[in-house]
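Input: a single structure, listed below in structure tokens.
Every read-out reported here was derived from the displayed coordinates using simple, explicitly stated rules and does not represent laboratory data. Note that this is a predicted model, so its numbers are computed, not measured. Glycine gets a Cβ as well: all are built from the backbone with ideal geometry, and neighbour counts include every protein chain shown.
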Amino acid sequence: MRVGDIRDALASLDGRLDDVRRHHAWSRIEHAIAEPPPARSSARGWWLAVATAAVAACVLWLVVRAASTPRDGATTVPMIATPGHPATIERAGLTLVLHGPGIAMVRERDAALSVVVIGGTLVAERHSGSRALAIEAGGNATLTRDARVAVHVEPGLVVLGAGERSKVIVERFASDAVGAATVAPPAAVSPPPDAAAPPPTTTAASPPPRRIRPPARSNELAPAVAADADEADADEADAHAVVDARALYHDAEVALSAHDRAAARRLLEQLLRDFPRDKLVDAARFDLALIANADGDHARAGALLDELIAGAADPNVRDAAKRLRAASAAH
Amino acid sequence: MTVRAASADAASAFEAIYREHAERVFALLTRLLGPDREREDLLQETFIRLHGALPRFRGDCSMTTFVYRITTRVAIDHMRRRRPLAASDFSDEVDAGLTPAEHVARCEQLARAVGLLAQLSPKHRVAFVLREVMGLSHEEIGTIVEAQPAAARMRVAKAKRVLAKLTAKEDR
């Protein structure tokens, strides 16, 4: 082999970037530059904040306790949890488990409990005869009689769920409760895109979330008293829907990364079929159009793009679909 | 594409930079690294780094040169940590119309070429690819690798000498 042969061999390597890979790379780039997660430093910062708050809470509690006796007979107990070492309290017919890193302050008065969750994931289970549990988190408060409630608090995010939703919250945020494979990292969460944004021009992030929000409404504690059965069923269905649509989109991305357009197409078509009102449908439709173009099925691509042009929620998506439609029409 | 446009409408300007250069970046990564499966990740890393570096861009070279500069840095970082490619990694690169024997021979030839290239130091490898494969001038190469054109010329020459020795040694 000569030097010229080496040169020719390198020149012959396929350095082309097809539309699908270009688009997906852009989705990830856009997401990364929009909100770059300083992973290590934020975890360190979070730890430092938790440790500082824990020390401050303990000192304050000791000082207050030493300085005065509560006039109303209430007792306050701090809960401090670190990853892998949850804190547990059983009081007044309730079992409270705090998964860390996190802090909570539990106050008991007249056989009633209230808890202020400063950070971490709290799971509360009621046993028979217990009174309602008051939960305060992120500046919001609620009173619950649900058999099982979970609330997760971290900087910028508060989520609460009862029943099946509480299980989703625990799975997402409480790594020591479930195991690493099912856990989302405590930092850096955001919901699925409000406007699904597959094309490069949009400002909403389209790829499946590194960040997730469980089914409960964000920064808002759900009304808790005596959950309605229909609402509980709808919530459970909603939890199922959000997880599955997102999972389908994520699996489709994985398939595309492995250049398996057929598998990606099947997953995205399933998403459209099973979750027609999900916020990811526009992204799925756009990706299917790209795949159809790559497969040479320009008629199918055109039909999908026409649907987006007519009905996509985000005007940026409609614009991108128009541009891609114009490019497809050239074939 | 000007970076002044980026300051006025950062998001769409950066996206335009991406659209204009993504193909070139991917091609350069392919020439430098072979059909490495992490090329797409490296493509993303290049543009993420580019986004961070844009505020420091003074317009003293073209945007393409600036992009290539970052691409070569990303590629060099990757060269230092990845495993060598095997002949099987080149299977997708080979024309499907070949006979099985031709297919295997071609994969091995590509793997040899990339393997020989990998024996160069990263800076000589970059210089060789930019000059011999991408066809850039020594001045352009110098700007990309932040060296004088004469230094770029020397690196290309040394790369060719080393490769000639390696190929002679293999052929013996």
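Describe numerically, in nm with one decimal, the distance between label points set 7 Å from Cα along Cα→Cβ at B:Leu98 and at A:Ala326. Distance between the two pseudo-spin positions: 4.2 nm.
The alpha carbon convex hull volume per residue for chain B rounds to 119 Å³. Cross-link partners for A:Lys322 among the lysines, with Cα-Cα distance under 29 Å and sequence neighbours closer than 8 places in the same chain left out: A:Lys279. Scaled against the 2.2 N^0.38 Å expected of a compact globular protein of N residues, the Cα radius of gyration of the range B:38-91 reads 1.36. Considering only B:Leu32, B:Leu50, B:Leu98, the Gaussian network model of chain B with Cα springs below 10 Å gives its largest mean-square fluctuation to B:Leu98. Placing pseudo-labels 7 Å out from each Cα toward the beta carbon at A:Trp46 and B:Ser88 gives an inter-label distance of 3.9 nm. Once both labels are positioned 7 Å from their Cα atoms along Cα-to-Cβ, the gap between B:Arg56 and B:Ala157 label points is 3.1 nm. Relative to the current alpha-carbon distance between A:Ala134 and A:Asp295, full extension at 0.36 nm per residue lengthens the span by 52.3 nm. With only the Cα atoms considered, the range B:119-167 has a convex hull volume of 58 Å³ per residue. Computed from the Cβ-Cβ distance with R0 of 60 Å, the FRET efficiency linking A:Arg109 to A:Ala313 stands at 0.80. Within the straight-line cut-off of under 23 Å between alpha carbons, the lysines reachable from B:Lys123 are B:Lys158, B:Lys160, B:Lys165, B:Lys169, sequence neighbours fewer than 8 places apart in one chain being disregarded.
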